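> Dumping the structure here so I can ask a few things about it.
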Amino acid sequence: MMAFLKNPFVYVFLVSMIPLIELRGAVPIGIGLGLPWQTTLVIAIIGNCLPIPFILLFVKAVLKWMRGCSVKLFSKVSNWMFDKAEKNRPKIEKYAAWGLFLFVAIPLPGTGAWTGALVASIFDMNKWKASLSIFGGVVTAGLIMTFGSELVKYVIGLF
């Protein structure tokens, strides 16, 4: 078990599964640890995409449960998410799969596979189309982060 935890690829994989950090944090960590960019990218993509089917299948039911929950924090969070989604419904439905792809692909804070899957679930988007859009977005974000991380590593190496 300890040898497993000493493998730096395990950290890349686990970090890529953390909401909000996801692949956007895992790729720079892997490259910073000196891991090959190709392997780092593949492992980060796999780790980032692994939770997506579960989110697409179950998050709406969890949010509905939270909405009716007696814990005020849960109901507030759930109501805020549904209200925010409804406010942005026209924009999201207009661009659908392409919009979801772009949302996930642009590596900014708050955008990513977890948030994209949450949006797709709330709007009852087709799960296969949403999965493909999210996967494409994750790969694109991964390529952007890999290029940026390698560029930073190169520039630092100049000094």
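The values are calculated or read from the model by the stated rules, or taken from the named source; none is laboratory data. Bear in mind the structure is a predicted one, so any value in this text is a computation, not a measurement. Note that we place each Cβ from the backbone using ideal geometry, even for glycine, and neighbour counts take in every protein chain shown. Just so you know, the surface numbers come from the protein's heavy atoms only, side chains and all, with ligands and any DNA or RNA stripped out. Shrake-Rupley method; radii C 1.70, N 1.55, O 1.52, S 1.80 Å.
> What angle do you read, to the nearest 10 degrees and between 0 and 90, between the alpha-carbon axis of helix 89-105 and the longest principal axis of the chain?
20 degrees
> Also: Take every Cα pair under 8 Å in the stretch 1-123 that's 6+ residues apart, average their separations, divide by the length, and report that relative contact order as a whole percent.
25 percent
> With respect to the cross-link table entries Lys6/Lys129; Lys60/Lys129; Lys72/Lys127; Lys72/Lys94; Lys91/Lys153; Lys60/Lys91, which display a Cα-Cα separation exceeding 26 Å?
Going by Cα-Cα distance, Lys6/Lys129; Lys72/Lys127; Lys72/Lys94; Lys91/Lys153 fall outside the 26 Å limit.
> Hey, any idea what Rg/Rh is for the stretch 1-151, computing Rh the Kirkwood way over Cα pairs?
1.03
> Let me ask something else. With every protein chain left in place and a probe of 1.4 Å, what is the accessible surface of Phe82, to the nearest 10 Å²?
So the heavy atoms of Phe82 present about 20 Å² to solvent.
> Under a point-charge model restricted to the Cβ atoms of Lys and Arg (+1) and Asp and Glu (-1), what is the dipole moment magnitude of the chain relative to its Cα centre, in debye to the nearest 20?
About 480 debye.
> Using r as the Cβ-Cβ distance of Val10 and Leu158, and R0 as 35 Å, what FRET efficiency do you calculate, to the nearest 0.05?
FRET efficiency, Val10 to Leu158: 0.65.
> Moving to a separate point now. For the Cα atoms of the chain, what angle does the longest principal axis make with the long axis of helix 22-32, in degrees from 0 to 90, nearest 10?
10 degrees
> Tell me the net charge near Phe82. Cut-off is 14 Å between Cβ atoms, Phe82 excluded, with +1 for each Lys or Arg and -1 for each Asp or Glu.
+4
> Please work out how much accessible surface Leu57 shows to a 1.4 Å probe, ignoring ligands, DNA and RNA, in Å² rounded to 10.
100 Å²
> So what does Lys127 come to for accessible area, using a 1.4 Å probe and Å² rounded to 10?
Spelled out: Lys127, probe radius 1.4 Å, area about 90 Å².
> Add -39500 (n - 2.57) for each DSSP H run of 4 or more in the chain, then divide by its residues: what number comes out at 222 nm, to the nearest 500 deg cm²/dmol?
-26500 deg cm²/dmol
> Moving on to the next point. At 1.4 Å probe size, put Val10, Val119 in order of accessible surface, largest to smallest.
Val119, Val10
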